[in-house]
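Everything below concerns the one structure shown next.
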Amino acid sequence: MSFDIHNIRKDFPILSRKVNGYPLVYLDNAATSQKPQQVIDAIVDYYSNYNANIHRGVHSLSQEATDAYEAARHKIQNHFNAKTACEIIFTAGTTQGINLVANGFASLLNKGDEIIVSALEHHSNIVPWQMLCEKTGAVLRVIPMNEEGTLLMDEYYNLLSDKTKLVFVNHISNALGTINPIEEIIEKAHSVGAAVLIDGAQSCSHIKPNLQELNVDFYVTSAHKMCGPTGVGILYMKEEWGNKLPPYQGGGEMIAEVSFEKTTYAGLPHKFEAGTPNICGGIAFGVAIDYLNAIGFDAIEAHENELLTYATNKLLEIEGLRIYGTGQKTSVISFNIEDLHPYDIGTIVDKLGIAVRTGHHCAQPIMEFYKIPGTVRASFAFYNTLEEVDALVEAVKKAKMMLS
Amino acid sequence: MTIEAIQEELIDEFSMFDDWMQRYEYMIDLGKSLPLIDEKLKTDDKLIKGCQSKVWLNSEMKNDKIIFTADSDAIITKGIIAVLVRVFSNQEPQAILDADTDFIDEIGLKEHLSPTRANGLVSMIKQMKMYALAYQTQANS
Ligand SMILES: Cc1ncc(COP(=O)(O)O)c(C=O)c1O
């Protein structure tokens, strides 16, 4: 299939709406992606035609819902190239997946053990590790970054030791768009016997990871970043880890047998899936993955790179504009203009129908590093166009004029 | 001038503009004309929570009236706080507590009134009313 941007845009009903009287230019894709009609239809179809609880009923409806939900799990397995479908655990999203792993490690860590995270993390994702350290007496170590927003790998190698038990890094930084060298990070961690959890929330819409080839222990992501619905995501864990980690929450689905004396847990993945899951969300996630694969990740990457290069060049023509994050990166541009407040720029461009993110992007340590209150972040998806980049650039120029 | 009269005046001034851009430019100008606050007063305890930009709000009592001074690191936010200072500063606490804020809608800044909006216009008004309440309580005790 050839990449036809105009046909693709027709799949996204929201892209034809207006905001503040202007056509919507949606450049906040790093926060969440828009949904194609195919995904919206799948949600409507589920609730209209086969809504039922899964894994429980013998009745046909329950069977249909269970089949669709498990088929989605298989699609996700294939997409991320996990070895078995039972290594794909449905979650409420990236955050929950991270907490599940952090919680599981509580029983595996001893005082003085070390956890390594990167300086580029989403700050809410640092919290589960801080909590884990408080609980276990383990120590949190941070891989620093340089002015370009690139991790210092030599520093990382120095941090690694036989005390290192777990390394947590995002594949792509949400604040700057930096692509981290996860192959290298995983390999080096393994060489000291540490496990690795990769946060794919920002990368999954740009890069199709091959989990077996990466040989990663854990991988988390959210459906809503890749054209799927909110409130659903996955945690991949290697089967051996699935057997080692204790369950996260107690409840229905996660048990094999219950008596008041003892409960035996169900096997993977159900051990980690207590309670009625987001059935519709899981099914729609599968549809979103089909949608992205039909376009093709190579085509997506090529188009997004074109947008990134074009936008970078155009924005840099504006005097005083500085881009943060200039290393190897995806289609995210985080910038400021001289000492104008990002909030002011965001407010003006919003009045012109352009949705960008302003603020610290849940990455306060990065903002402290650059000593700025925040940035304006434009993040592009495959359905964005060069004309939309032009609209952004014009709006930013107008904002600069009004504010200076 | 009473709060109401100042609000009327603002509505009048803003009604001269027929698009958002002129209104914002005017607000930005109001922000620039906001009297400078003493740098010593820009302390963390004077920051208003709930804003993406920093807003410092200081108050003092003079001849039974509250004098507000304020600053922000963002220009639009500074314009908004300038509008509020013009309306609420140099007024008696009871008058501030009694005042409604419908004029914000009428000067075309309604979108800033949503409580979830990151600029914290609602928080600014709340903070001004809190100061008024505090002075009022002090005076009555
Ligand atoms: C890198 C990264 N990790 C984690 C998250 C959190 O994802 P969710 O809110 O879907 O749990 C985000 C979302 O912005 C992110 O960008």
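Data overview
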{"quantity": "Hull volume in cubic angstrom per residue (convex hull over the Cα atoms of segment A:323-404)", "calculated": "96 Å³"}
{"quantity": "Proximal aspartates and glutamates relative to A:LYS225, as straight alpha-carbon distance under 13 Å, when same-chain residues fewer than 8 apart are discounted", "calculated": "A:ASP28, A:ASP199"}
{"quantity": "Cα Rg, Dmax (largest Cα-Cα span) when computed across segment B:3-140, Å", "calculated": "14.3, 46"}
{"quantity": "Pairwise FRET efficiency - A:LYS83 versus A:ASN158, Cβ, R0 = 30 Å, nearest 0.05", "calculated": "0.35"}
{"quantity": "For residues of A:337-344, the mean tally of beta carbons on other chains within 10 Å", "calculated": "5"}
{"quantity": "Residues of type lysines that A:LYS163 reaches as a straight line, Cα spacing below 24 Å, ignoring anything fewer than 8 places off in the same chain", "calculated": "A:LYS111, A:LYS135, A:LYS188, A:LYS238, A:LYS244"}
{"quantity": "Approximate spin-label separation A:ASN49-A:THR312, in nm, with each point projected 7 Å along Cα-to-Cβ", "calculated": "4.5 nm"}
{"quantity": "Estimated 222 nm signal from helices in chain B, with DSSP H stretches of n ≥ 4 weighted -39500 (n - 2.57), rounded to 500", "calculated": "-15000 deg cm²/dmol"}
{"quantity": "Accessible surface buried once B binds A (1.4 Å probe; total of both sides; Å²)", "calculated": "1500 Å²"}
{"quantity": "Out-of-range pairs (alpha-carbon distance over 27 Å; input A:LYS83/A:LYS271; A:LYS35/A:LYS208; A:LYS400/B:LYS40)", "calculated": "A:LYS400/B:LYS40"}
{"quantity": "Solvent-accessible heavy-atom area per residue, rounded to whole Å², over segment A:50-293 at 1.4 Å", "calculated": "39 Å²"}
{"quantity": "Additional length obtainable on full extension of the chain from A:GLU394 to A:ARG322, 0.36 nm per residue less Cα span", "calculated": "24.3 nm"}
{"quantity": "Gained length - A:ASP4 relative to A:ASP298, 0.36 nm times residue gap less alpha-carbon distance", "calculated": "104.5 nm"}
{"quantity": "Prolate/oblate/rounded label for segment A:224-274 (Cα gyration tensor, a/c 1.5)", "calculated": "oblate"}
{"quantity": "Gyration tensor (Cα) of the protein assembly as shown, equivalent ellipsoid semi-axes in angstrom", "calculated": "46, 28, 26"}
{"quantity": "Span-like helix ranges in chain A, DSSP H, alpha carbon extent 18 angstrom or more, Kyte mean at least 0.0", "calculated": "A:279-295, A:386-403"}
{"quantity": "Charge sum, other residues only, whose C-beta stays under 9 Å from A:ASP28's C-beta, Lys/Arg counted +1 and Asp/Glu -1", "calculated": "+2"}
{"quantity": "Angle between chain B longest axis and helix B:20-32 axis [Cα atoms, degrees, rounded to 10]", "calculated": "40 degrees"}
{"quantity": "Summed side-chain charge close to A:ASN49 - residues other than A:ASN49 whose Cβ falls under 14 Å, Lys, Arg +1, Asp, Glu -1", "calculated": "-4"}
{"quantity": "Carbon and sulfur %, accessible surface of chain A computed with the full protein complex present, 1.4 Å", "calculated": "51 percent"}
{"quantity": "Cα gyration tensor category, rounded, prolate or oblate, for segment A:19-151 with a/c compared to 1.5", "calculated": "oblate"}
{"quantity": "Residue with peak Gaussian network fluctuation, chain B [Cα springs, cutoff 10 Å], from B:LYS78, B:LYS110, B:LYS40", "calculated": "B:LYS40"}
{"quantity": "Helix B:75-88 axis, angle to chain B major axis (alpha carbon atoms, nearest 10°)", "calculated": "50 degrees"}
{"quantity": "For segment A:136-199 and segment A:273-348, distance of Cα centres in Å", "calculated": "23 Å"}
{"quantity": "DSSP-loop trypsin sites (Lys or Arg not before Pro) across segment A:203-309, with at most 10 other Cβ within 10 angstrom", "calculated": "A:LYS262"}
{"quantity": "Simple label model, 7 Å out from Cα along Cβ direction - A:GLN212 to B:THR101, nm", "calculated": "5.9 nm"}
{"quantity": "Among A:GLU273, A:GLU261, A:GLU368, residue whose mean-square fluctuation peaks in a GNM of chain A (springs only between Cα atoms under 10 Å)", "calculated": "A:GLU261"}
{"quantity": "All aspartates and glutamates inside 15 Å of B:LYS65 as judged from Cα atoms, apart from same-chain residues fewer than 8 positions distant", "calculated": "B:GLU92, B:ASP98"}
{"quantity": "In segment A:67-119, trypsin sites (Lys or Arg not before Pro) in a DSSP loop with at most 16 other beta-carbon atoms within 10 Å", "calculated": "A:LYS83, A:LYS111"}
{"quantity": "Cα gyration tensor, segment A:50-293 - rounded (a/c under 1.5), prolate or oblate", "calculated": "oblate"}
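The values are calculated or read from the model by the stated rules, or taken from the named source; none is laboratory data. This structure is a prediction, so every number in the text was calculated from the model and none was measured. Cβ sites come from the backbone with ideal geometry, for glycine too, and all protein chains shown count toward neighbours. The accessibility values were calculated without ligands, DNA or RNA, using every heavy atom of the protein model including side chains. Shrake-Rupley method; radii C 1.70, N 1.55, O 1.52, S 1.80 Å.
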